[in-house]
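The values are calculated or read from the model by the stated rules, or taken from the named source; none is laboratory data. Note that the structure is predicted; figures quoted are calculated from it, not measured. With ideal geometry, Cβ positions are generated from the backbone for all residues, glycine too; neighbour counts draw on all protein chains shown. Remember, those area values only see protein heavy atoms, side chains included, never the ligands or the DNA or RNA. Shrake-Rupley method; radii C 1.70, N 1.55, O 1.52, S 1.80 Å.
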Amino acid sequence: MPDTMREAQDKSFMRLAIKLAGRGRGRVNPNPLVGAVIAKDNSVIGVGYHARYGDLHAERAALRNCAAPPKGATMYVTLEPCAHRGKQPPCTDAIIAAGISRVVVGSDDPNPLASGAGVRILRERGVKVETGFLRDECDALNPVFFHYIQTKRPYVIVKYAMTLDGKIATRTGASKWITGEAARRRVHQDRDTYSAVMVGAGTVAADDPLLTCRIENGRNPVRIVCDSKLRTSAESQIVKTAKDVRTIFATVAPNPDKKALFKEMGCEVWEFSADAGRVNLEGLTERLGREEIDSVIAEGGASLNWSLLKAGLVRRVHAYIAPKLFGGASAKTPVGGDGVELPENAFKLSNVIMTPLDGDFLMEGDIM
């Protein structure tokens, strides 16, 4: 086969693997999204993806689903095959045992303890391995996993909805609804995707939110409330539903009686050292990482957003923008606190994407 035709075919099969990988979104955390395709004689004979945390890895799923013997076939996999035993045995063992002759890999394993091991073992056993194929497209599947596996802390996204003049509420505090149905549906899709949602006590007091995922077959994120004095009402929706949805209150100095009440109602109460009277966010994200919570959407107000930015914990921003104006010198804006002193000190975004959402817009980008 001419090289150009083979490259086109390789791209086609790898892009199928990328598409398959996305099916595990929101179900494999804290594992990565991975897809695999097995091809022989120019045809696909097996496909698989990592569907759920603890289930078969993509490579073993593809081998299980093979419609023809895989000996001598090529496997396309979006992430370097694992060579260590976790909840599943090493994928390299299955690839070698199946007689796969060539493996095309997209992303390298970012874990410094494992990176390169899978490729090395396959090559030592006579398997031809090509790495870095469509790397950027494969890497785009797993920014959360890459960050989490290297830092052991969650990937934090700050999300807010604002008007074109930068207001998240009117001067009276009214905020429902700034954006329309399409934007709100996207928010629920993200709650289905990421592991947790975080707000401050002020947001709970003002909006009494449920912070659940309200799409068909959706998965509720873990709910985290930063409440330094544990002042949230026991009558709030988030407390009353804590036995149904995992709910964590991060606090500094809780009232013992209220702490006991919250625990009885199903909440977890985590105590941290104070940072200027507030919950130490460094300590909170470190513990969330230990709990294998790999990603957090911060849906709080201006104070929480500034605190997360100031602490250097934010990796990405999702700004929903409605083409309307509220005005009002005292109306709240998305980011509070002291702010930066000079324009050159601004938090800047890279890789910015603008998505129209039925009249509204989502601007998202990575914190540089």
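Below, the figures for the structure above:
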{"quantity": "Kyte-Doolittle mean at least -0.5 and Cα axial length at least 20 Å: DSSP H helices in the chain", "calculated": "3-21"}
{"quantity": "Environment charge at residue 73 (Cβ cut-off 15 Å; Lys +1, Arg +1, Asp -1, Glu -1)", "calculated": "+3"}
{"quantity": "The range 214-298 - Debye-derived log10 I(q)/I(0), Cα point model, q = 0.12, 0.13, 0.15, 0.16 Å⁻¹", "calculated": "-0.36, -0.42, -0.55, -0.63"}
{"quantity": "5 Å binning of all Cα-Cα separations within the range 1-78, expressed as whole percents from 0 upward", "calculated": "3, 19, 26, 22, 15, 9, 4, 1, 0"}
{"quantity": "Per residue, in Å², the accessible surface of the chain once ligands and nucleic acids are set aside, probe 1.4 Å", "calculated": "48"}
{"quantity": "Euclidean distance between Cα centres, the range 7-35 to the range 46-63, Å", "calculated": "10"}
{"quantity": "Cβ-placed point charges (K, R +1; D, E -1), dipole of the chain about Cα centre in debye, nearest 20", "calculated": "720"}
{"quantity": "Cα gyration tensor shape for the range 165-225, rounded if a/c is under 1.5, else prolate or oblate", "calculated": "oblate"}
{"quantity": "The chain, accessible surface, carbon-and-sulfur percent (1.4 angstrom probe)", "calculated": "49"}
{"quantity": "Neighbour net charge for residue 115 - beta-carbon separation under 15 angstrom, K R +1, D E -1", "calculated": "-1"}
{"quantity": "Where GluC sites (Glu not before Pro) fall in DSSP loop in the range 130-232, at most 14 other Cβ within 10 Å", "calculated": "216"}
{"quantity": "Rounded if a/c under 1.5, otherwise prolate or oblate - the range 231-368, Cα gyration tensor axes", "calculated": "prolate"}
{"quantity": "Isotropic mean projected area of the C-alpha convex hull, the range 48-98 (nm²)", "calculated": "3.5"}
{"quantity": "Sparse-neighbour loop sites [GluC sites (Glu not before Pro); the range 294-368; at most 14 other C-beta within 10 Å; DSSP]", "calculated": "341"}
{"quantity": "Gyration tensor (alpha-carbon) shape descriptor, the range 8-133, a/c threshold 1.5", "calculated": "rounded"}
{"quantity": "The range 125-169 - charge dipole about Cα centre, Lys and Arg +1 at Cβ, Asp and Glu -1, debye rounded to 20", "calculated": "280"}
{"quantity": "Two-site FRET efficiency, residue 358 against residue 216, from Cβ-Cβ distance with R₀ of 22 Å, rounded to 0.05", "calculated": "0.70"}
{"quantity": "Separation between Cα centres of the range 171-196 and the range 77-155, rounded to whole Å", "calculated": "35"}
{"quantity": "Loop chymotrypsin sites (Phe, Trp or Tyr not before Pro), the range 157-218, which have at most 11 other Cβ atoms in a 10 Å radius of their Cβ (DSSP)", "calculated": "177"}
{"quantity": "Semi-axis lengths (Å, descending) of the ellipsoid that matches the C-alpha gyration tensor of the range 124-208", "calculated": "40, 16, 11"}
{"quantity": "Cα Rg, Dmax, the chain, angstrom units", "calculated": "23.2, 75"}
{"quantity": "D (Stokes-Einstein, µm²/s), Kirkwood Cα radius, the range 132-274, 1.002 mPa s at 20 °C", "calculated": "125"}
{"quantity": "Globularity ratio of the range 199-243, using Cα Rg and 2.2 N^0.38 Å", "calculated": "1.18"}
{"quantity": "Sites residue 351 and residue 235, calculated FRET efficiency, Cβ-Cβ separation with R0 35 Å, nearest 0.05", "calculated": "0.25"}
{"quantity": "Surrounding net charge for residue 328, when Lys and Arg each add one and Asp and Glu each subtract one, Cβ distance under 12 Å", "calculated": "+2"}
{"quantity": "Top of 325, 63, 16 by mean-square fluctuation, Gaussian network on the chain, Cα under 10 Å", "calculated": "325"}
